[in-house]
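Read through the structure below, which is laid out as structure tokens, and then see the notes.
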Amino acid sequence: MRRPQRAEALRALGCEVHRADVLEPDTLVSALDGASTAYYLVHSMGRGADADFAERDLRAAANFAEAAATAGVGRIVYLGGLGEGSEHLASRHQSGRVLMDGTVPVTYLRAAAVLGAGSESFRTMLYLVRRLPVMVTPRWTSTRTQPIAVDDVLAYLVAAPDIDTLAGREVEIGGPDVTTYAGMMDALARALGRPPRPRLAVPLLTPWLSSLWVGLVTPVDAGVARPLIEGLSTETVVRDPLAMREMDVEPMSLKEAMSLAVRESG
């Protein structure tokens, strides 16, 4: 990691912590030396005025793939996103393809919205549901999605390296419930002990305008909100569940995932 001083909790658990930066290739090989599996959970979201996150993500993935090969890593596990209908989603997928073009076998997990206290998409919904008595609902709130709890994502990540048949494959993962983004906000309201917010349909509110609106009513960085919301017009539903079923994971329901995320968010 770039700032080892932020990992004291990991040191206390007996983990070795190395300084590395995916944009600095010389720092990667020594950090990966001796590792049998490397997890690639890196992406950038265009914070602030940064508009170059897609190019930077591709460069970072290429650096990591080369360093993993040099260090003798046996498997890379990458977590990307379902769908490719926005610059953000396309960048995540292209990073996965760059990793898979390397010589180290990759298991490429693809997930829709991840529900957890630290998730940017969950935090955005949480602020909206808590602060607004009436929800403004653009057209994208009717887009179908298949969210998954962060604990279940971790379970899939842990299971992936032990299954040889998943090397070199894409694995679509999701929770058991297919809903919409409006449905997710209703589920979040119930998890907070509140009735679902009344909705005011504004079909002409574009994703770009929506991101500006989100920036006004929540503390979420508009540079983060914009690529997230631009991806919400793309359906993110598991189309091929066969690979997911090769792992012994029973993902929790949307109701359970929302309740857990609310409790952990404090």
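When both residues are 6+ apart or on different chains and their Cβ atoms are under 9 Å apart, which pairs have a first residue that lies in the range 110-127 and is charged (D, E, K, R) and at pLDDT below 85, and a second that is open to solvent by 20 Å² or more (accessible area, probe 1.4 Å) and part of a helix (DSSP H, G or I)?
E120/L228
Among (1) at pLDDT 95 or above; (2) in contact with a helix residue (DSSP H, G or I) (Cβ under 9 Å, 6 or more places away or on another chain); (3) assigned to a helix (DSSP H, G or I); (4) surrounded by 20 or more Cβ atoms within 10 Å (Cβ to Cβ), which single condition is E172 missing?
Going through the list (1) at pLDDT 95 or above; (2) in contact with a helix residue (DSSP H, G or I) (Cβ under 9 Å, 6 or more places away or on another chain); (3) assigned to a helix (DSSP H, G or I); (4) surrounded by 20 or more Cβ atoms within 10 Å (Cβ to Cβ), E172 breaks only (3).
Quickly run through the range 244-266 and pick out the residues that are polar (S, T, N, Q) and touching a Pro at 6+ places or on another chain (Cβ under 9 Å).
S253
Cβ-Cβ distance below 8 Å, separation of 6 or more or different chains: which pairs start in the range 241-266 with a residue that is among the β-branched types (V, I, T) and end on one that is assigned to a helix (DSSP H, G or I)?
V249/D152; V249/A155; V249/Y156; V249/A159; V262/L126; V262/L188; V262/A191
Provide a single number: the residues in the range 140-156 that are buried (at least 20 other Cβ atoms within 10 Å of the Cβ) and assigned to a helix (DSSP H, G or I).
Residues in the range 140-156 being buried (at least 20 other Cβ atoms within 10 Å of the Cβ) and assigned to a helix (DSSP H, G or I): 5 in total.
I need a count of the residues in the range 9-29 that are within 24 Å of the chain's Cα centre (by Cα), surrounded by fewer than 16 Cβ atoms within 10 Å (Cβ to Cβ) and assigned to a helix (DSSP H, G or I).
Counting residues in the range 9-29 that are within 24 Å of the chain's Cα centre (by Cα), surrounded by fewer than 16 Cβ atoms within 10 Å (Cβ to Cβ) and assigned to a helix (DSSP H, G or I) gives 2.
Being in contact with a His (Cβ under 7 Å, 6 or more places away or on another chain), open to solvent by 10 Å² or more (accessible area, probe 1.4 Å) and in a helix (DSSP H, G or I) is the requirement here; does R97 meet it? Steps first, please.
Values: in contact with a His (Cβ under 7 Å, 6 or more places away or on another chain): no; open to solvent by 10 Å² or more (accessible area, probe 1.4 Å): yes; in a helix (DSSP H, G or I): yes.
Criteria not met by R97.
Hey, any hits in the range 242-253 for a residue that's surrounded by 14 or more Cβ atoms within 10 Å (Cβ to Cβ), of a type outside the set (K, R), at pLDDT below 95 and touching a strand residue (DSSP E or B) at 6+ places or on another chain (Cβ under 6 Å)?
Yes: one or more hits.
Just need a number here: residues in the range 158-169 that are over 16 Å from D240 (Cα atoms) and open to solvent by 10 Å² or more (accessible area, probe 1.4 Å).
The number of residues fulfilling the criteria is 7.
Conditions first: (1) among the aromatic types (F, W, Y); (2) at pLDDT below 95; (3) over 17 Å from R123 (Cα atoms). Y181 passes all but one, so which condition is the exception?
With respect to (1) among the aromatic types (F, W, Y); (2) at pLDDT below 95; (3) over 17 Å from R123 (Cα atoms), Y181 is out only on (3).
Please enumerate the residues belonging to the range 105-126 that are surrounded by fewer than 22 Cβ atoms within 10 Å (Cβ to Cβ) and assigned to a loop (DSSP other than H, G, I, E, B).
P105, G116, A117, G118, S119
In the range 30-55, which residue that is of a type outside the set (A, V, I, L, M) and modelled with pLDDT of 90 or more is least open to solvent (accessible area, probe 1.4 Å)?
Among them, the one singled out is Y40.
Condition check: under 30 Å from R190 (Cβ atoms) and part of a helix (DSSP H, G or I). Does H88 satisfy that?
Values: under 30 Å from R190 (Cβ atoms): yes; part of a helix (DSSP H, G or I): yes.
So H88 fits the description; yes.
Of the conditions (1) modelled with pLDDT of 90 or more; (2) open to solvent by less than 10 Å² (accessible area, probe 1.4 Å), T70 clears all except one; give me its number.
Only one criterion is unmet by T70, namely (2).
So is R6 part of a loop (DSSP other than H, G, I, E, B) and without any contact (Cβ under 8 Å) to a residue 24 or more places away in the chain or not? Step through it out loud before you land on a result.
Details: part of a loop (DSSP other than H, G, I, E, B): no; without any contact (Cβ under 8 Å) to a residue 24 or more places away in the chain: yes.
Judged against the criteria, R6 is not a match.
G83: at pLDDT below 95 and buried (at least 21 other Cβ atoms within 10 Å of the Cβ), yes or no?
yes
For Y78, indicate whether it is within 19 Å of the chain's Cα centre (by Cα) and either at pLDDT 90 or above or on the phi > 0 side of the Ramachandran plot (or both).
Values: within 19 Å of the chain's Cα centre (by Cα): yes; either at pLDDT 90 or above or on the phi > 0 side of the Ramachandran plot (or both): yes.
Yes, satisfied.
The values are calculated or read from the model by the stated rules, or taken from the named source; none is laboratory data. Predicted model only: the values in this text are computed from it and were never measured. Note that we place each Cβ from the backbone using ideal geometry, even for glycine, and neighbour counts take in every protein chain shown. Keep in mind that these areas ignore ligands, DNA and RNA; they rest on the heavy atoms of the full protein, side chains included. Shrake-Rupley method; radii C 1.70, N 1.55, O 1.52, S 1.80 Å.
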